[in-house]
Amino acid sequence: MSPIESHERTTTPNDLRQSARSAPIPSGTRGTGDPTFLLEARHLTKRYGPVIANRDVSFAVRPGEIVALLGENGAGKSTLMNVLYGMTVPDAGELAIDGKVVRLRSPRDALARGIGMVHQHFMLVPPFTVAENVALGNEPSRRGAIDIATVEARVASLASRFGIDVDPRAIVRDLSVGQQQRVEIVKALDRGARVLILDEPTAVLTPQEAEGLFRVLRGLAADGTAIVFISHKLGEVLSLAHRIVVMRRGAVVGEVLPEDATAESLAAMMVGREVMLRVDKSPSTPTEDRIVVRDLRVAGDHGGVAVDGVSFAVRAGEIVGIAGVQGNGQTELVEAISGLRPTAGGTLSLVGVEAHGLDVRARSMAGLAHVPEDRQRHGLVLPFSVADNLVLNRYHLPPLAQRGVRQARAIVAVARDLVARFDIRTPSPEVPVQALSGGNKQKVIIARELSHGLRALVAAQPTRGVDVGSIEFIHRSLVDARDAGAAVLVVSAELDELLSIADRILVMYRGRIVGEVPGSEATREGIGLFMAGGGGATQGSPPAGFAREDDVHYVN
Amino acid sequence: MTRGRFLFVLACIGALVAAVETLRSPDVSAAVVAASMLATTLRFATPLTLGALAGMFCERSGVANIAIEGMMLSAAFGAFIVAAMTRSLAAGVVAGMVVGATMALLHAWLSVTLRVDQIVSGTVINIMAAGVTGFLSTEVVRRKAIEGAGLLPAWRVPVLSDLPVVGPIFQQQPIAWATLALVIGAHFVLFRTVWGLRVRAVGELPRAAHAAGISVQQTRYAAVMVGGAIAGIGGAYFTLEAVPVFEPMMTNGRGFIALAALIFGGWTPAGAWVASLLFAAANALHINAQQFGIPVPSQIVGMFPYVLTIVILAGAIGRVTPPAAVGQPYVPD
């Protein structure tokens with residue numbers, strides 16, 4: 001515990017401000033020597049019922065400075081951001097801009113004072129053009145009609161000034177996620193933002209797109225814009241920020257300069273204890289095929305082809321990861337394998353049996369476990385108890401049901417065992433599962449799926465929105481399942497997750513598998529290239545270490 | 001409205017006119033039948049177009065509106081009674097707008113402020129309108145023998161209205177003319193003005209509008225009430241332009257057909273107008289069939305607009321994407 005505590009200064013807010021002041025002004029920025037904060041939050045507290053989302057939080061940013069706000073889901077980062085942006089009114093505490101106390105009652109107030117925000121879920125109206133989105137709320141007009149040409153000109157000039165590639169007349173719906181994010185930044189700049197707040201901006205980007213975003217942000221900071229960057233990704237925080245503020249359970253628990261921090265020390269501050277960032281695992285010893293997919297095609301929600309001729313195999317005793325930016329067919333692939341979505345062509349065999357025509361339960365009975373992407377909708381029956389959720393895949397079998405009658409005592413006995421084995425933090429197995437935290441909800445699903453005749457497992461985004469402590473546990477469980485002889489397929493948008501647990505990584509792009517690499521040789525950069533479709537473009541010569549999907553299925 | 005749909009509507013209207021033409025008795029000329037069909041179509045399209053425009057402002061702001069029927073019915077009554085009391089038809093039209101906007105205010109209060117399910121709120125208004133106007137018409141109008149103030153006189157387009165055969169097309173009453181102006185005006189307001197942009201933003205992604213500093217609630221209130229006032233003009237049509245009396249349930253489902261026209265027209269003013277023309281033509285068929293002695297039972301022909309509504313609402317002619325936030329109350333934060 002001692003290495004953690006050296007980083008974790010349990011400070012009063014007053015000390016915190018002083019330490020912030022004494023931190024060196026980042027080099028390479030304008031406004032050097034200006035000691036005043038552009039934006040300052042003092043002793044903010046915000047409660048939602050019994051939950052304290054922010055407890056006595058103080059926080060500040062100077063012009064030209066990039067401050068990272070680091071914390072787990074539920075640490076209170078988003079609440080703090082909403083307060084800074086006027087979307088939430090704090091119960092106590094105050095905000096100061098240029099040293100003067102202000103009251104922000106709405107985003108309009110924040111915008112008027114130069115605070116702009118790029119939300120995690122973009123605030124762009126899809127059928128509108130870029131210019132219309134930028135204009136929204138601040139529309140110039142002439143004789144009653146919107147003067148959209150003026151806005152288009154403003155967007156073009158901002159775009160060229162900061163090297164942001166964006167067409168003012170494009171319809172937002174047609175833009176990539178990375179482009180939409182640039183529209184959000186332009187929108188904030190157009191309102192005269194001097195402080196730019198970005199909420200988990202890289203969650204939806206490829207590594208290359210993220211690098212592009214960082215270039216833009218560094219340029220803005222060099223121009224004097226103050227940037228507040230919210231993230232739970234340690235690597236990007238270390239590479240981008242001038243100063244890192246760490247939050248845990250609603251409070252600021254420390255503040256460090258990136259040169260004094262490591263990924264491990266930051267993780268320890270976030271979680272409050274030391275965590276294993278890498279999963280300890282032995283080399284895989286795969287045996288027979290358990291999930292075999294040949295030329296599989298699956299339709300998307302709105303017609304069109306979501307999965308377009310995918311072939312691969314997952315063997316017992318290995319973890320295969322599927323990487324890719326969200327929306328490239330991963331969801332549909334997983335739903336097709338688990339039986340939630342019909343296939344449109346190709347073959348799928350599970351545990352040696354042709355799966356066509358088998359419903360979800362038949363697949364489950366054959367030994368296929370499924371950790372669904374959307375745990376609230378497909379993974380749990382939220383108002384049901386923890387115990388009932390733990391036996392959703394076997395409640396109809398003896399001893400849990402006898403001649404169609406549920407055996408409550410047997411169900412609770414199974415549940416108590418799983419609660420203990422999977423370290424599910426719940427007051428009792430009888431409470432509704434919706435009362436549990438995200439991490440514990442996910443553990444309920446993992447416990448249920450891994451404990452019932454497991455032969456093959458498909459896990460989609462297994463640690464999304466889950467705290468670091470639970471992530472560690474879930475990763476351990478997946479590796480244990482592999483070592484116990486299960487075939488494990490993990491789909492994840494978190495590249496680091498796949499790099500740490502997968503034995504092989506396949507990359508999906510536009511419904512196809514465009515690359516495959518052994519886990520031991522994978523790098524962020526190499527996979528990122530494939531994620532952006534770069535692999536598909538370089539016909540015939542994949543980067544070293546990669547095999548094209550058509551050539552080989554097993555590289556290790 | 002897409003090109004394909006527009007052509008579909010033209011083809012349908014053409015087919016309806018052709019049907020009357022082939023079945024007409026030989027002693028009427030083809031031109032007279034066609035002109036009569038078009039004139040009646042334009043007239044019948046008036047309340048449908050107004051109802052659809054009313055629904056459009058409401059739904060474009062993200063508030064579902066199945067209460068067009070109730071708004072028009074209560075406005076029809078309000079317009080009738082005020083015109084009868086003041087003996088001023090213009091005052092009657094204004095009263096219709098006020099009543100329509102007031103019913104819309106109730107809809108907005110229920111669904112925007114109280115966040116009642118918008119379909120429930122609309123049903124409340126429909127039932128209330130039917131009950132209150134039915135009660136007042138028997139208990140007040142009939143008991144006191146209130147006489148209507150008559151009908152709005154037709155405005156004739158000089159020269160054109162004097163032409164033989166096609167003349168009737170250019171003799172329409174003021175609300176019918178106003179409807180055409182409103183279609184153009186609504187298009188300008190929705191797609192060219194600041195307010196229109198905000199209404200559409202609030203109906204597509206209210207979070208985004210809120211984050212841009214726009215009040216979602218105020219915008220929705222305003223849009224719903226503008227819609228209500230337009231529905232009010234549509235209501236006035238029934239008692240000041242069609243017949244000079246008020247009868248219980250006299251809107252007779254026109255509000256729901258207007259909703260179908262709105263949907264079929266893709267939530268645009270021009271689309272709503274064209275779709276209204278289609279439904280109106282189906283209705284005109286009924287009247288003209290009787291007038292020109294067509295040997296088909298009038299019950300069968302009278303069914304036509306309703307069958308068309310069902311077919312279109314069931315999505316048989318393809319689906320249009322509604323405003324994304326329709327039906328969802330906005331809860332800030």
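Taken together, the values in this text are just the output of simple stated rules run on the coordinates, not laboratory data. Because the structure is predicted, anything quoted here is derived from the model rather than measured. Here Cβ is always computed from backbone atoms with ideal geometry, including for glycine, and neighbour counts include all displayed protein chains.
When you restrict to C-alpha pairs under 8 Å that are six or more residues apart and normalise by the size of chain A, the relative contact order lands at 14 percent.
Working ranking of peptides B:260-270, B:192-202, A:366-376, B:47-57 by packing, defined as the average number of other Cβ atoms within 10 Å per residue, highest first, is B:47-57, B:260-270, B:192-202, A:366-376. Spin-label model, A:ARG249/A:SER141: points 7 Å from Cα along the beta carbon direction are separated by 5.2 nm.
Descending by average beta-carbon neighbour count within 10 Å, the peptides B:60-66, A:74-80, A:293-299 line up as B:60-66, A:74-80, A:293-299, the highest first. Among the residues of A:139-151, the average count of other protein chain beta-carbon atoms within 10 Å of the residue beta-carbon is 3. Peptide B:213-219 has a mean of 3 when you count, residue by residue, the C-beta atoms of other protein chains within 10 Å of its C-beta.
Taking K and R as +1 and D and E as -1, what net charge do the other residues with C-beta under 11 Å from the C-beta of A:ASP199 add up to?
Details: positive: A:LYS77; negative: A:GLU184, A:GLU200.
Net local charge, A:ASP199 excluded: -1.
Computed over the alpha-carbon atoms, segment B:1-113 gives an Rg to Rh ratio of 1.13, Rh here being the Kirkwood radius from the mean inverse distance.
Shape analysis of segment A:112-259 based on the Cα gyration tensor places the equivalent ellipsoid semi-axes at 29, 16, 14 Å, largest first.
Could you tell me what % of all Cα pairs in chain A have separations over 35 Å? In whole percent, the share of Cα-Cα pairs in chain A beyond 35 Å is 43.
Could you sort A:329-339, A:379-389 so that the peptide with the highest average Cβ count within 10 Å comes first and the rest follow in order? Walk me through the intermediate numbers first.
Numbers: A:329-339: 24.2, A:379-389: 19.3.
Sorting A:329-339, A:379-389 by mean packing, highest first, produces A:329-339, A:379-389.
Restriction of the trypsin sites (Lys or Arg not before Pro) in segment B:87-187 to DSSP coil positions whose beta-carbon has at most 14 other beta-carbons within 10 angstrom yields B:ARG87, B:ARG115, B:ARG143, B:LYS144. Between the alpha-carbon centres of segment A:495-537 and segment A:331-390 there is a gap of 24 Å.
Maximal additional length on extending the A:ALA344-A:ASP223 stretch stands at 38.3 nm, based on 0.36 nm per residue less the C-alpha distance. Counting only the backbone N, which residues of segment A:358-376 are under 20 Å from the spot 7 Å out from the Cα of A:GLU494 toward its beta-carbon? In segment A:358-376, the label zone of A:GLU494 (backbone N under 20 Å from the point 7 Å along Cα→Cβ) covers A:370-376. Less than 5 angstrom separates the built amide H of A:ALA251 from those of A:ARG55, all sequence-distant by 5 or more or on a different chain.
When restricted to Cα atoms, segment A:126-192 yields an Rg and a Dmax of 11.1, 36 Å, respectively. Among the lysines of the protein assembly as shown, pairs at least eight places apart or on separate chains and with Cα atoms under 26 Å apart come to 16. For chain B, the relative contact order works out to 36 percent when only alpha carbon pairs closer than 8 Å and six or more residues apart are counted. Between A:VAL275 and A:GLN326, the simple label model (points 7 Å from Cα in the Cβ direction) yields a spacing of 1.9 nm.
Chain B: D in µm²/s via Stokes-Einstein (Kirkwood Rh, Cα pairs, 10 °C, 1.306 mPa s)? Mind showing how you got there, number by number?
Details: Rh = 20.3 Å.
Using the Kirkwood radius from Cα pairs, D works out to 78 µm²/s.
Mean partner shielding of peptide B:189-199, defined as the number of other chain Cβ atoms within 10 Å of each residue Cβ, is 4. Seen from every direction in turn and averaged, the convex hull around the alpha carbons of segment A:380-452 projects onto 4.2 nm². Under the Kirkwood approximation applied to all pairs of distinct alpha-carbon atoms, what is the hydrodynamic radius of segment A:328-468 in Å? Hydrodynamic radius (Kirkwood, Cα only) of segment A:328-468 equals 15.7 Å.
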